[in-house]
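Heads up: the structure comes next, in structure tokens.
The values are calculated or read from the model by the stated rules, or taken from the named source; none is laboratory data. Just so we're clear, the structure is a prediction, and the values are computed from it rather than from any experiment. Cβ: placed from backbone, ideal geometry, glycine included. Neighbour counts: every protein chain shown.
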Amino acid sequence: MLSRKIFGRRQTLLGLGGLAGIGASVIGTELNKQYKLRQIQRDSQNRNFKVTSNTALGQRAATKGLIYGAAVRQYALSSDTKLAESVVYECKMIVPEWELKWNYLRPTPTSFNFAPADWLADFSRRNGLLFRGHTLVWHEALPIWFPKTINSKNARQLLLEHITTVVKHYAGHIHSWDVVNEAIDPRDRRSDGLKNTPWLQFIGQDYIEIAFSAAAESDPNTLLVYNDYGLQYDTHEHEAKRNAVLKLLENLKSKDIPIHALGIQSHLSGYETRFNPDKFKKFLSEVASLGLKILITEMDVADNKLPSDIKFRDPIVAGVYEDYLSVALEEPAVISVLTWGLSDSYTWLSQNKPRKDQATVRTLPLDTQMRRKLAWNAIARAFDKATKR
Ligand code: 9MR
């Protein structure tokens, strides 16, 4: 079905190109992409996603010295027993998808509401799971009062107070903190690669250093992470981002700022063919050579542009998981893999990248009935293949 669609599109494109005599390179790129996609589809259909046992993902990862976990939402975990059971069964670590962000934690400029995140921290304790923090400094998910309140006089104090209070609240119980999230954006054309955020605007470029130092003082025993997206593909945009992130990390390390790891979000697309294992591996080893660990923090595979039939769709998604993780796990500095959710019932992609055919998105290891899918097999296989840390 996909091939027919692609073929039809291809003829249209050729026809248009021939007629107009312009845009040849755009058409060339598009054809090349579709050709590659057809190859991927053919390849994934013939792939064998067999696994050797039923052992859970967390257990398989642990055998290799890796930690597997998933993002969770308090409302879902507290109301959906099947989800809760699956999380406890498959995972060794959880991270709140929403509840540790400013819009949840900070109802007013002078107060904190820890209740939803505390519920999750308690869930992790009761079930022997590690707990991860996301995120102390971000330019999104800010409370409504934020833009009306922040200015260059109070920004530094506001940030320090937030970090100190929140990090101390969970000190001793947190595996790692995403201290700063998504601070780099070369599209803003600054020489330091920083994104133009309110934090940069009101505090200045040392807001990142201030944040890491404050987090370290408040909990000297947790792993402090810089977390970002758009780092994995062989595109100009991702290349620029990789370079800018490396520069930031080098700079922080050269100043002895307490930073311990890079979080690579890894929001992948089932439709994207521009993954270059060598370039990606080189980036990972450059990060590792700075003495940093690496976490795959928010992995999922968008299926919005893939065929409807899950006989075709699932193997493509699974293939992307297996190919990416196999490469990433070759780097010994990678210590952890988290998917951005566990079940297709709870994924940001249902809203953010819905399918045109309105079918349920199938981007995570378990389906909406908490049944394992080929994506689960793919992740399991990558863990099984990984060398022990
Ligand atoms: O998945 C999250 C979505 O449900 C929230 O609405 C959004 C704002 O809080 O954040 C999403 O998670 C993002 C994460 O915090 C940072 N990296 C990108 C994730 C997807 O947008």
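For region 344-360, filtered to residues that are free of Cβ contacts under 8 Å to residues at least 40 places away in the same chain and away from the ligand (no atom under 16 Å from the Cβ), the residue that is surrounded by the most Cβ atoms within 10 Å (Cβ to Cβ) is THR360. The residue pairs whose first member lies in region 84-97 and is closer than 12 Å to GLN59 by Cα, whose second member is surrounded by fewer than 21 Cβ atoms within 10 Å (Cβ to Cβ) and basic (Lys, Arg), and whose beta carbons are closer than 6 Å, counting only pairs six or more residues apart or on different chains, do not exist in this structure. Select from region 159-176 the residues that are surrounded by fewer than 21 Cβ atoms within 10 Å (Cβ to Cβ) and polar (S, T, N, Q) and write down the one among them that is nearest to the ligand (Cβ to nearest atom). The selected residue is THR165. Checking GLY341, GLY319 one by one, the residue that is within 16 Å of the ligand (Cβ to nearest atom), at pLDDT 95 or above and not β-branched (Val, Ile, Thr) is GLY341 and no other.
In region 32-45, the residues that are more than 9 Å from THR273 (Cβ to Cβ) form Cβ pairs under 8 Å with partners that are of a type in the set (Gly, Ala, Ser) and modelled with pLDDT of 75 or more, at six or more places apart or across chains, as follows: ASP43/GLY319; SER44/ALA318; SER44/GLY319.
Tell me whether region 71-90 contains one or more residues that are surrounded by 19 or more Cβ atoms within 10 Å (Cβ to Cβ), touching a Leu at 6+ places or on another chain (Cβ under 7 Å), outside any helix (DSSP H, G or I) and not hydrophobic (A, V, I, L, M, F, W, C). Checked region 71-90: no residue is surrounded by 19 or more Cβ atoms within 10 Å (Cβ to Cβ), touching a Leu at 6+ places or on another chain (Cβ under 7 Å), outside any helix (DSSP H, G or I) and not hydrophobic (A, V, I, L, M, F, W, C). Selection of region 95-130 for residues being of a type in the set (Lys, Arg) and in a loop (DSSP other than H, G, I, E, B) yields LYS101, ARG106. ARG156 fulfils the conditions (1) out of contact with any Leu (no Cβ under 6 Å at 6 or more places or on another chain); (2) surrounded by 18 or more Cβ atoms within 10 Å (Cβ to Cβ); (3) outside any loop (DSSP other than H, G, I, E, B) except for a single criterion, (2). A count restricted to region 314-351 and to residues that are under 19 Å from ALA380 (Cβ atoms) and part of a helix (DSSP H, G or I) stands at 15. Could you go through region 190-201 and let me know if any residue there is of a type in the set (Ser, Thr, Tyr), more than 16 Å from the ligand (Cβ to nearest atom) and buried (at least 16 other Cβ atoms within 10 Å of the Cβ). The answer is no, given that none of the residues of region 190-201 is of a type in the set (Ser, Thr, Tyr), more than 16 Å from the ligand (Cβ to nearest atom) and buried (at least 16 other Cβ atoms within 10 Å of the Cβ). Candidates in region 104-143 are the residues that are touching a residue at least 40 places away in the same chain (Cβ under 8 Å) and over 27 Å from ILE296 (Cα atoms); of these, the one that is surrounded by the most Cβ atoms within 10 Å (Cβ to Cβ) is ARG106. The set of residues in region 225-247 that are of a type in the set (Asp, Glu) and surrounded by fewer than 23 Cβ atoms within 10 Å (Cβ to Cβ) comprises ASP234, GLU237, GLU239.
Quick one: in region 281-313, of everything that is touching a residue at least 40 places away in the same chain (Cβ under 8 Å), among the hydroxyl-bearing types (Ser, Thr, Tyr) and not in a helix (DSSP H, G or I), which residue is surrounded by the most Cβ atoms within 10 Å (Cβ to Cβ)? Going through the qualifying residues, I end up with THR297.
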